[in-house]
Structure formats: C-alpha cells, structure tokens
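Scroll down for the structure; my scribbles are underneath it.
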Amino acid sequence: MILAVLGLSTALAIAPAGALSFDTDSDGVLEVPTTSSCPTLTDPPRGYEAWFNIDDMEVRGFYDPLNQTPWDFPKKVAQILCGARQNAQIKIGMFFIRAIGTMTQPGLKSGSDPAGSLGTRPEIDPEVIYDALEYLVKYRNVKVGLVLDGGGITPGSAKALINRRLLTIAGIDGIPNTAAGDTDGIEWCTNGCLNTNSSSTYPYAINHEKFVTISDTIWDGASGSARAASSAMPAVISSSGNWARSQIRNYMQELTLDYGDRELFNQFSMRYDVMTYCANSKCPSNAGFPSTLKKTLYLDRKIWVDPTIHGTDSGRGTYVTFSPQPSTVVDSYIAAFDNVDCTVDKRIRIAMFKLTDSKATTMANALARLKSRGCDVKMLLTQQGGATTISKTVIGLLKKAKISFKCTAVAMHTKLILIGPSTGNNGRALHGTANMSTAGLRYSEEHTITFDARRASPAYQDDLRRVYGQYLAGWYELSQGSKTCK
C-alpha cells in the first residue's frame, strides 16, 4: 500500500543498497569487527547512501531488553569505519556516547571489560563501533579524535569510564586539537563548544553534533597505503542518533553516508577542528581557528556563529549549514519553507523529534504560509519525550495554524524535512541534528545537510532521487499507527 501511495518501484523504495550488505561467516552469521578482522562494505558506496533503523525494529521488536545481539544499525556504522585507508584520520563529533562501564553483559569479556565483571546494562551496540575503531588504530595506523558534550548528560563519573575505553582508541597520539598541536584525543565541550557565555545564560547550549569524517577510504580500489590529499576519497557520516543502546533501540533514527564529496568532508573536518579548539581554549578569539574559518566565523551574542550556506563539490546538489546561526538571519528551516514554490513542490513532509515553545510560533507561521500558497503540509512529532518535545502550547499553535500533524506510535529522533512534487522523487531533503528549537538553531552545535536532486549533475542525480525516495518511504513507515498529539 505504501508503495502505491508513493508511486515508487519496489527496488527503489525498500531494497537495501548493495554497498550496505554484510559479509557473513561460513554459518551465514553477520560478521562484526573483531580483533582480527574489520569487514567493510562489499561494494563501493554510491555518492549518497541512507538508511533507518526501522528494519531492526520490525525484525527485533521495540526494545527487547533480553536481546544482547548488536543491531544492524551500529554494524553498518562499523562497516563504514572499516573502510578507512591506512594512515587515515577519523574525526568524531558527538553529543554523547553511552560507555558507562557496562559495555557488555556480565560475564562476557571485551576490550572495555577484560575480566567480564562489569555492569547490568549492556551497551553492545556501540561496542561494535569501538571494536572497529580499535582495529583501525592498531592495524592501519588510523588517527582518531573525538569531541563530545561535557554537560549534565555525561556526568564526571561517566567521563572517567568513557575515557578509559576511548583513550585506548584516541590516545595521546590522536589528532592535534589546537594550533599548538596538543593531542589529548578526546575533548569535552561545556555549555556548547562555540558559546563563550556563562552556563547560566539561557537558553543553554550543548554540543549536539553527530558526525564522523574519514579522510581517505579503500573503496575506490586504488593502490597505495597513503595518497595525496587531492586524490583522497573521503567519507562523511551524518546521523540523528548518538552511539547508545537507548538511542539505537528506543527511537527511530536515520543515518547517511556521503562518499567522495571532498568539500563536504572539508567543511565537517574544519568544523571538528574549531570545536576542539574552542573546547580546549574556551574560544576567546579566532586566533587558533583553521585559516579558512577565520573569515566566516564571527561573534554574535558572545557565540561564534557561521552565517554561510556552504556548497559542496560541483554537481553534488548538496549544501550544509552549521549552528549556532546568527540572530540576524532567518534560520535554515524557515528559509527553506519560504523558498518553496508550491506549484512545483506541493508535498511537504516533516518528521521532527522536537518543536519547542520558543520556536513554535515562527515555525507554525512559516508552515501556514506554505499552506496558503497551496502546499500539502504534513508533520510527524514525538510525544514520548514529554513536554520537552511537544507541549500543550505547541499543540495549540499548530491547531490554530491548521497544520496537519500527528505524534508517532513509536518514539522517533529524526530531524527530516522533505520538499518535493506531489508524485515521484525528484525533490530535496534537509536532514541532520537540529531540532525545531531556538537552542538547536541559535545556540548549540548542529548541522543541517540539504540536497536537491534537481541541482545535481547526471552523475549524482540518481543517487539523490533514490535517497529521497528512501526518506519518503521512511516517513510513511514512521506515520503508521500515528495518533492525535495530546
């Protein structure tokens, strides 16, 4: 029924991309990274790949606490990481990583728990990812750096346990994080990385990022362990979910792989550099920023902001914006809504984890303007997070604006906006980490990637149309069983 509604072929809508299939052992069991192997993608990836954890939920059932087998969603992340070339760099920006000393079930030995004595809350899903990273550090001389949020989501006791695990990966030989070349491997942002205000300043900022950059990969088949930067084939992972069992198993999530887009890689790589600089130095000036960022970042409300819409490689039809955004510009979501020609792009579909009180009025007004121009607007929200995700005030404002909205049956954590024609998949999509909130768009570290199939060259247009179709099919999957928000 869903396929008929979308007008998509079965292969386009639901078949997994060949590059994301798994290697299996002789018994047909899906392989995961171990101390002796690091299985990667079976085929070179397309320019753009995307998937949800919906398949995991449909196969496993919603949150089975007794099932300790890693889900396919984190296995796919591990597979991509295992595609890192010898001597590559991996930079990770993440809100939180759940590694609280209970990575595996009691009695099961692992790199983080050699005695098999820890914990009652297995975190085997991120363990698969860490195994891949450890392999790359040990056997391919890959350098790994991390910048995480150091606020209340990660208390001091958890930081010590996370460091114990991740410092074996990043170590003192990790990626330099300041202009002076310090190498801690892990940096923690407090009250956001780019926010120089005190922690009492409202709204509170956080490092809410979820991205990974890989400087060079093995998938293109070129020989040689090290190559010039001009010939490197980088990759960027962008996700709505953090590396944690609770995120992967309790919330619908999406994840994308962008392969071979050097400018997109450069933007995220520089983003990591400036975040680690600010985490380390409290960001008093832009003296230590990467030279290319010194011209684009400036202080606004004592926050370093990036006002630029960054285009990526020619022909990609892809753009990225970063938060915090300046207070003087229209935020990226409303700017996108106000730029829709409803005679061309009639169908607007939104799947958003959070719409907050402080942003609801302007968002509702922007959506109402879309409706007045003839667009078909439908919105999915999450109520399982309570009033912090959707409040009575927000519900009232959306009803007053006569916006069609529902709350999903299962919690979702996606930040997805689809803008396209009434039929077909030749549209554009916005995805990333930013919620429809003032904090997410004006104060915290976030990113939003926009791709437009119509702006892509023939070499990439099919990739973008295919991913747009996957996202649209995913939106309809998310809407199944949705109900009136209360």
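The values are calculated or read from the model by the stated rules, or taken from the named source; none is laboratory data. None of the values given here were measured: they were computed from a predicted structure. Note: ideal-geometry Cβ built from the backbone for every residue, glycine included; neighbour counts use all protein chains shown. Note: accessible area is taken over every heavy atom of the protein model, side chains too, but ligands, DNA and RNA are not part of it. Shrake-Rupley method; radii C 1.70, N 1.55, O 1.52, S 1.80 Å.
At 1.4 Å probe size, with every protein chain present, just tell me what the per residue accessible area of the range 343-486 comes to in Å².
35
So if we plug the beta-carbon distance of residue 484 and residue 282 into 1/(1 + (r/R0)^6) with R0 = 45 Å, what FRET efficiency do we get, rounded to 0.05?
Working from the Cβ atoms, E equals 0.45.
Within 13 Å, Cβ to Cβ, of residue 442, how many net charges do the neighbouring residues add up to if Lys/Arg are +1 and Asp/Glu are -1?
Residues near residue 442 contribute -2 overall.
Amide H to amide H, which residues 5 or more places from residue 376 or on other chains are under 5 Å from it, using H placed in the peptide plane?
Amide H to amide H, under 5 Å and 5 or more residues apart or across chains, residue 376 pairs with 347, 348.
Just how many pairs of Lys in the range 230-366 have C-alpha atoms closer than 25 Å, counting pairs that are eight or more places apart or on different chains?
Going through the range 230-366 pair by pair, I get 7.
If r is the Cβ-Cβ distance from residue 87 to residue 292 and R0 is 30 Å, what FRET efficiency results, to the nearest 0.05?
It comes to 0.80.
Along the positive direction of the dipole of the range 199-283 (beta-carbon charges: Lys, Arg +1; Asp, Glu -1; about the Cα centre), which of 214, 248, 234 reaches farthest?
Among 214, 248, 234, the one farthest towards the positive end of the dipole of the range 199-283 is 248.
How big is the charge dipole of the range 374-416 about its Cα centre, in debye rounded to the nearest 20, if each Lys and Arg gets +1 on its Cβ and each Asp and Glu gets -1 on its Cβ?
In debye, rounded to 20, the range 374-416 gives about 140.
For every other residue with a beta carbon closer than 12 angstrom to the beta carbon of residue 331, add +1 if it is Lys or Arg and -1 if Asp or Glu, then tell me the sum.
That sum, taken over residues with Cβ under 12 Å, equals 0.
If we count every other residue with Cβ under 15 angstrom of residue 298's Cβ, Lys/Arg +1 and Asp/Glu -1, where does the sum land?
Result for the neighbourhood of residue 298: +3.
Can you give the FRET efficiency for residue 330 and residue 140, using 1/(1 + (r/R0)^6), R0 = 51 Å, r = Cβ-Cβ distance, to the nearest 0.05?
Result of the calculation: an efficiency of 0.70.
Setting aside same-chain residues fewer than 8 positions from residue 143, which lysines have a Cα under 16 Å from its Cα?
Straight-line reach from residue 143, under 16 Å: 91.
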